[in-house]
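Read through the structure below, which is laid out as structure tokens, and then see the notes.
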Amino acid sequence: MILMERVAISGLLANGVQQQYVMNRHLFHRKPYAHQWEGWQRIMKLPHNHQSTEHEPDLEEHIPDIIQHLQQLFTDTPDLIIRKLSIVQTGEKAVLAYLDGLTDKNSINNDVLYPLQFEKGGGDPGSELFMTVGHIVPYTTWAKVIEAILNGDSVLFVDRRKEAYALDTKGWPQRAIEDPQLEPSLKGAHQGFLETGSQNIALIRRYIPNRELKIKQLAVGKRGPASVSILYLEDVTNTEFIQLLEDRIKAINVDVIINTGELVEFIEDNPYSLFPQLISTERPDAAASQILQGRCAVVVDRSPSVLIAPVNFMAFFQSIDDYSTRWSIATFLRMLRIAAFFIAAFLPALYIAVVSYHFEIIPMKLLITLGESRGRVPLPPFVEAVLMEITLEILREAGVRLPAPVGQTVGIVGGIVIGQAVVQAGLISNVMVVVVAFTGISSFILPNYDMVAAVRLLRFILMILASLFGFVGIIIGFMLMIEQIIALRSLGMPYGIPLAPMRFADLKDTLVRVPLWLMNKRPISTSALQSKRQGNSRFKGEEE
Amino acid sequence: MKVHPGHEITSLQYIFLLTGVQVGVAVLSLPRKLAETAGTDGWISILVWWLVSMLASLIIVQIMKNSPRGSLPDWAAEVLGVWAGKTIALLLTLYFCVLLYDGLTKSVLITKTWLLPNTPAYVITVLLLLPTYMIARHGPRIVGRYCELIVYLSLWIPLVYLLPLKQAHFIHLLPVVKDGWQPILTGAKEMIYPTLGMAATFVLYPYLKHKEKATAAVIASSSLTMLTYLFMTLICLVYYSPDEIAEYNNPVISVLKSIEFRFIERIEVPFIAFYLTIFSLVWIPTMYLATFCSSWLFARKDIRGQLQILCILIALATYFYTPTLYQNLMMEKILIGFGLSVEYIFPLILLSFIVLYNRLRRRNC
């Protein structure tokens, strides 16, 4: 009685979330009583993106009807597998439907099909079924059934029962855990996030095995709902943030969210600002440490990066390595990064301003060397600088897009072109090459990619201002940059905190990184409900 | 116009805002003016006027204590009638506009002299108005944050001014009070212009987060102002000879000329560029204050419309007519008279009126 049918999908799709219930690993016993189902509905009240009305149970009870309905629903779907079987335990007929490729074959064969067909000892028809699947949810509506099938569950329909059982046999292609690509760390953990939301949550939970770590699950997207989970510590994180985040995510009404970056566009406070207002990280340890400071983490299923909110400007200069190295070097690196930010943003602009407007500030000897080098160059300083900066950007993009072995070639060719040939050909001055190399390297030491991107654009704006108005232009650019930093908000929190508004206590982990045993409180900038995070942890020194 | 929640400013922001409006552009020429009238004892004039200005700002705070939830025009409209409120709003609008225009034209003139001699003045004005508009439109809190941040960012400047002390002659200061007290007291009037800006309290008081600290805050702010002036004046007095100092229009800038490093000459050029951020502490807050008062006058909730109009007006005005350095000095004289009446005399009259009014009302009860 094995029948394999290839049927097709209509575009009918369900709303809502894949509901997760952990039941007894070996026993599955759920009688199809109506009141019990209502009870389930009540427990299963998970937040929905849009209010779905409580569906009336509409499942057919007879196997042929069910198969026919399934075939109507899933037309042109060769990967849908419909397997007829008869259950040995109760003597009932049944049908198992699942999408090949989204499910784990081993699990279906050994945990579902085998026990149902070969293990005796069940009761009357309608009584419990024995399967070695951990996680089974009964559904009575087609909408839920379809959603379950599309999300990788296999669904068991039993003849003359009002409900179908969604069995957790998920198993889609997935890569192994790797070192984070964008945020490598020297001493931190070497696990990066994956493309499966539940696994990412597990990675974070490994760092915070605490009951207070709560997860709010929402579904975003109409056509392909992605589960979006907000992780926070209930007794630490300010409820305002969670509320704001939830409201903003619920307001999203799109087909599909492919990546965290798309989510950011919909929920960030000011989309017109150059500065990133949310951090997306691919490091579980970084996410966990941010949650512990009182922030929220947003895990988007199918995306390997996790959002952190709210953040401030200075958070983009923090790296998880700061806390795993000794505080003195961490402090040094912090200051180095801040300096690098300004160099990367301002240096080419300063070069343009000095060479074209304020050459009187250069001492005579330096001016002569500069003049020698500049004298042969036919281009005005601004064109020279823009040309070189654009070359740098092209090289950088080329390096990113190309596979690693070819990427090296680009580096060599680019290095020679930038480094020597242009100078020897008299196209660009020596000093300009130094400036470009310096800005390039400075922008590489910033730990956050989004901030680097902002700096790259900022640089060009400042260069234009400097070419038009010299130092005055740069200062105007600087003032506008300050305006952005002090006026922006991230999830309602001031972006400039702890610098403007000044919170002196938070400077301990901003411009410097003081020893950990001096940071007994959580940062004020997250306005955490519980500000104390540790007691005196440093042993008392031995008396002399 | 009631205070919206989420616009409060902290005491530190208030202190720095007041100090910023006062110090801003005024500090540049102060040592020369003091030296012209009071000679090398000019620094004592600063101390004298410090007491006076502190008294004036305390009076202003005393007045505002009667109106914890609204600005001065609000209070006047409530107690004396709508037209009194409108008159005061108009007066303050005009006053802040003059303060703003003076600060802005001074900055433009200095920029033009030192940094961009070939750029037309109106272009520089438009350029400076750009960040002004961007910051002022956000309201008092962001303006306060801006002032605070700029003050922190400029904390290194005094260190640089210690460098000219290598060539300083402290003997210039001696003997103290060499010509009697007369020139010192005459010199104190030069301090009127550099202390203008206390009137900001008329608008900002309701926005204060801790109103009970307002008195302490104005004392701190006028002391901070005094310290800045004292420091700069003393540096200039000991660096220049008593006769030479009067030759420099802006001795605070000229002092820097003596500093020279192996890697940078003419250090005053980047300094003046950076000083633009400090000058902006005059025009950005006053821009906000002026538009606040004018919005009140026209009963507008949002200041942005007024802000845009004012920016366009200033830009147009500078396009058709750019004041010269001399005309700017004339304007300064007008401003001194105007400021003296708005910030010193008017509050005194108002306070005595309020005291009388309260006493009468109590008697009637």
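Highlighted here are the strands (runs of 3 or more DSSP E) found entirely within the range A:97-177 that include at least 1 residues which are under 15 Å from A:Arg83 (Cβ atoms) and of a type in the set (Ser, Thr, Tyr): A:154-158, A:164-167. Looking across the range A:164-182, just one residue is buried (at least 21 other Cβ atoms within 10 Å of the Cβ) and charged (D, E, K, R), and that is A:Asp168. Being out of contact with any Cys (no Cβ under 9 Å at 6 or more places or on another chain), more than 27 Å from A:Arg401 (Cα to Cα) and loosely packed, with under 14 Cβ neighbours inside 10 Å is a description that does not apply to A:Glu265. Within the range B:185-209, residues that are over 11 Å from B:Trp49 (Cα atoms) have Cβ atoms under 6 Å from residues that are of a type in the set (S, T, N, Q) and surrounded by fewer than 24 Cβ atoms within 10 Å (Cβ to Cβ) in these pairs: B:Lys209/B:Thr10, counting only partners at least 6 apart in sequence or on another chain. Taking (1) within 14 Å of chain B (Cβ to nearest Cβ); (2) surrounded by 13 or more Cβ atoms within 10 Å (Cβ to Cβ) in turn, A:Ile418 satisfies each apart from (1). Within the range A:498-516, restricting attention to residues that are of a type in the set (Lys, Arg) and more than 11 Å from every other protein chain (Cβ to nearest Cβ), the residue that is nearest to A:Pro381 (Cα to Cα) is A:Arg513. The residues listed here are B:Thr10, B:Thr19; of these, the one that is polar (S, T, N, Q) and under 14 Å from the mean Cα position of the chain (by Cα) is B:Thr19.
Just wondering, is there one or more residues in the range B:256-272 that are more than 14 Å from chain A (Cβ to nearest Cβ) and assigned to a helix (DSSP H, G or I)? Before the answer, list the steps.
The initial filter retains those residues of the range B:256-272 that are more than 14 Å from chain A (Cβ to nearest Cβ), namely B:258.
Next, from what is left, pick out any that are assigned to a helix (DSSP H, G or I): B:258.
The answer is yes, given that some residue of the range B:256-272 is more than 14 Å from chain A (Cβ to nearest Cβ) and assigned to a helix (DSSP H, G or I).
Among the helices (runs of 4 or more DSSP H) confined wholly to the range B:101-212, which include 2 or more residues that are under 18 Å from A:Leu480 (Cβ atoms)?
Numbers: elements: B:121-136, B:140-153, B:157-161, B:182-188, B:200-204.
Per the criteria, B:121-136, B:140-153.
Exactly one residue out of A:Ala385, A:Ala309 is away from every other protein chain (no Cβ under 14 Å), under 27 Å from A:Ala487 (Cα atoms) and either crowded, with 23+ Cβ neighbours inside 10 Å or of a type in the set (Gly, Ala, Ser) (or both), and it is A:Ala309. In the range B:124-140, the residue that is nearest to A:Pro501 (Cα to Cα) out of those that are more than 8 Å from chain A (Cβ to nearest Cβ) and of a type outside the set (Phe, Trp, Tyr) is B:Pro140. Take the conditions (1) charged (D, E, K, R); (2) farther than 27 Å from A:Leu511 by Cβ; (3) part of a loop (DSSP other than H, G, I, E, B); (4) out of contact with any Asp or Glu (no Cβ under 7 Å at 6 or more places or on another chain); A:Asp269 misses just one of them, which is (2). Of A:Phe438, A:Phe539, all but one fail to be surrounded by fewer than 23 Cβ atoms within 10 Å (Cβ to Cβ), more than 14 Å from chain B (Cβ to nearest Cβ), out of contact with any helix residue (DSSP H, G or I) (no Cβ under 8 Å at 6 or more places or on another chain) and hydrophobic (A, V, I, L, M, F, W, C); the exception is A:Phe539. Could you tell me which residue of the range A:171-207 is farthest from the chain's Cα centre (by Cα), considering only residues that are more than 15 Å from A:Gln290 (Cα to Cα) and among the charged types (D, E, K, R)? Selected residue: A:Lys187.
Based on this model, can you work out whether A:Leu274 counts as touching a Ser or Thr at 6+ places or on another chain (Cβ under 7 Å), farther than 19 Å from A:Arg503 by Cβ and either assigned by TED's automatic domain parsing to the domain that holds A:Gly477 or surrounded by fewer than 23 Cβ atoms within 10 Å (Cβ to Cβ) (or both)?
Numbers: touching a Ser or Thr at 6+ places or on another chain (Cβ under 7 Å): no; farther than 19 Å from A:Arg503 by Cβ: yes; either assigned by TED's automatic domain parsing to the domain that holds A:Gly477 or surrounded by fewer than 23 Cβ atoms within 10 Å (Cβ to Cβ) (or both): yes.
The answer is no for A:Leu274.
Applying the condition of being assigned to a strand (DSSP E or B) and crowded, with 23+ Cβ neighbours inside 10 Å to the range A:465-497 and asking which residue is nearest to the other protein chains (Cβ to nearest Cβ) yields A:Pro494.
What's the number of the only condition in (1) within 29 Å of A:Gly192 (Cβ to Cβ); (2) touching a helix residue (DSSP H, G or I) at 6+ places or on another chain (Cβ under 7 Å); (3) crowded, with 19+ Cβ neighbours inside 10 Å; (4) at pLDDT below 90 that A:Val133 fails to meet? Evaluating A:Val133 over (1) within 29 Å of A:Gly192 (Cβ to Cβ); (2) touching a helix residue (DSSP H, G or I) at 6+ places or on another chain (Cβ under 7 Å); (3) crowded, with 19+ Cβ neighbours inside 10 Å; (4) at pLDDT below 90 leaves (1) as the failure. Inspect the range A:216-224 for any residue being surrounded by fewer than 22 Cβ atoms within 10 Å (Cβ to Cβ), in a helix (DSSP H, G or I) and among the small types (Gly, Ala, Ser) and give the result as yes or no. Among the residues of the range A:216-224, not one is surrounded by fewer than 22 Cβ atoms within 10 Å (Cβ to Cβ), in a helix (DSSP H, G or I) and among the small types (Gly, Ala, Ser), which makes the answer no. Residue under question is B:Leu28, and the condition is that it be among the aliphatic types (A, V, I, L, M), under 30 Å from A:Arg503 (Cβ atoms) and within 18 Å of the chain's Cα centre (by Cα); does it hold? No: the conditions fail for B:Leu28. Within the range A:332-355, if we keep just the residues that are within 14 Å of chain B (Cβ to nearest Cβ) and surrounded by fewer than 16 Cβ atoms within 10 Å (Cβ to Cβ), the residue that is nearest to A:Ile474 (Cα to Cα) turns out to be A:Phe342. Given the conditions (1) touching a residue at least 60 places away in the same chain (Cβ under 8 Å); (2) surrounded by fewer than 20 Cβ atoms within 10 Å (Cβ to Cβ); (3) among the small types (Gly, Ala, Ser), report the number of the one that A:Gly426 does not fulfil. (1) is the only condition that A:Gly426 fails. Do we have A:Leu336 as among the aliphatic types (A, V, I, L, M), assigned to a helix (DSSP H, G or I) and in contact (Cβ under 8 Å) with a residue 60 or more places away in the chain here? Yes. Taking every residue in the range A:512-535 that is farther than 17 Å from A:Ser324 by Cβ and pairing it with any residue that is among the aliphatic types (A, V, I, L, M), at least 6 positions away or on another chain, the pairs with Cβ-Cβ distances below 6 Å are A:Arg522/A:Ala528; A:Ile524/A:Ala505; A:Ser525/A:Ile497; A:Ala528/A:Val236; A:Leu529/A:Val236; A:Gln530/A:Val236. One residue is enough: does the range B:152-163 have a residue meeting the conditions surrounded by 15 or more Cβ atoms within 10 Å (Cβ to Cβ), closer than 30 Å to B:Cys97 by Cβ, modelled with pLDDT of 90 or more and within 14 Å of chain A (Cβ to nearest Cβ)? Scanning the range B:152-163, I find at least one residue that is surrounded by 15 or more Cβ atoms within 10 Å (Cβ to Cβ), closer than 30 Å to B:Cys97 by Cβ, modelled with pLDDT of 90 or more and within 14 Å of chain A (Cβ to nearest Cβ), so the answer is yes.
The values are calculated or read from the model by the stated rules, or taken from the named source; none is laboratory data. Everything quoted here is computed from the prediction, not taken from an experiment. Glycine also receives a Cβ, built like all others from the backbone with ideal geometry; neighbour counts cover every protein chain displayed.
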